[in-house]
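The values are calculated or read from the model by the stated rules, or taken from the named source; none is laboratory data. The structure presented is a predicted model; accordingly, all values stated were derived computationally and were not measured. Reconstructed Cβ throughout: ideal geometry from the backbone, glycine too, with neighbour counts over all protein chains shown.
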Amino acid sequence: MTKFMHRTRRSASARLIPAAAAAALLAVATAPAHGASGNAAATGHAPPQAQGSLSPAQRKQLESFRETRGELMKARRKLESIREKTVKKHPELQKQQKAFRDLMIAQMKSKGHTPKKDVAEVRKLQQKLRSGKASDSDRRALMTKLQKKSQAFLQAQQEALQAPKVKKARKKLHDSLLAAMKQEDPSTEQLLQTMREKRQKLMEIRSSATRQQSGK
């Protein structure tokens, strides 16, 4: 079962860039505030393992994985809703977000990357996959290309985040956004705690599955 959990992590990484460059770049700044931490395994689809091939212990483990992941995504959706409402009410946050996006794009470009072009290419690949016109072999090729481009973008994004000025801007934006979210909705802190607990549980489930698979 654990190999499917890891496969989920890889396939979900392609979905971390679902829209325009602005949204993709903003996500890394607000991640601690609303749970988009990049833990793709925690937010992807269920491991596609046939139930009949699992032992009772593995089946229970899989069910726990799915239930926990569902609870995590529910909390994440609530936090995202709070974030969107908060930003709409605070023009200063909108300006701060735009400044951060511009900084990230500039930093990525300075290292030879083309963030806006890369995200546009990812969107085009996703549109082709959703069109339903591609054959099975073409779909596999498109998925492979999509995953490679998405992973390359995420790697470039992580590299940009290591720059001191980007770290500083990210922290400032995160702190401002989180404070405003808590003021907007007092349940923000509890939702964050729920997400931390669910992510930890998912890691424990994967660790347990790995140990079982290795016979330890």
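Key figures for this structure:
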item: Set L62, L93: member being over 27 Å from D185 (Cβ atoms) and either modelled with pLDDT of 90 or more or crowded, with 20+ Cβ neighbours inside 10 Å (or both); result: L62
item: Given (1) over 23 Å from P186 (Cα atoms); (2) in contact (Cβ under 8 Å) with a residue 12 or more places away in the chain, number of the condition A106 does not satisfy; result: (2)
item: Close pairs (6 angstrom Cβ cut-off, 6 or more residues apart or separate chains): over 13 Å from R66 (Cα atoms) in segment 189-207, surrounded by 14 or more Cβ atoms within 10 Å (Cβ to Cβ) and of a type in the set (D, E, K, R) anywhere; result: L191/K78
item: Residue that is farthest from R101 (Cα to Cα), among those in segment 127-138 that are exposed (fewer than 15 other Cβ atoms within 10 Å of the Cβ) and of a type outside the set (G, A, S); result: D136
item: Yes/no for K168 being part of a helix (DSSP H, G or I) and either under 30 Å from H90 (Cβ atoms) or in contact (Cβ under 8 Å) with a residue 40 or more places away in the chain (or both); result: yes
item: Close pairs (9 angstrom Cβ cut-off, 6 or more residues apart or separate chains): farther than 9 Å from F153 by Cα and hydrophobic (A, V, I, L, M, F, W, C) in segment 112-127, outside any helix (DSSP H, G or I) and at pLDDT below 90 anywhere; result: A120/A20; V122/I17; V122/P18
item: Flag for L191 being modelled with pLDDT of 90 or more, aliphatic (A, V, I, L, M) and either touching a Cys at 6+ places or on another chain (Cβ under 7 Å) or within 30 Å of Q61 (Cβ to Cβ) (or both); result: yes
item: Residues that are part of a loop (DSSP other than H, G, I, E, B) and among the small types (G, A, S), drawn from segment 107-145; result: G112, G132, A134, S135
item: Residue check, R196 modelled with pLDDT of 90 or more and either over 15 Å from S81 (Cα atoms) or not hydroxyl-bearing (S, T, Y) (or both); result: yes
item: The lone exception for G70 - which of (1) in a helix (DSSP H, G or I); (2) farther than 26 Å from P164 by Cα; (3) at pLDDT below 90 it fails; result: (3)
item: Residue match in segment 157-165 (condition: under 20 Å from the mean Cα position of the chain (by Cα) and outside any helix (DSSP H, G or I)); result: yes
item: Selected residue (criterion: modelled with the lowest pLDDT) from residues of segment 46-59 that are loosely packed, with under 11 Cβ neighbours inside 10 Å and not hydroxyl-bearing (S, T, Y); result: P48
item: Search result, residues across segment 140-164 that are surrounded by 15 or more Cβ atoms within 10 Å (Cβ to Cβ) and among the charged types (D, E, K, R); result: K145, K149
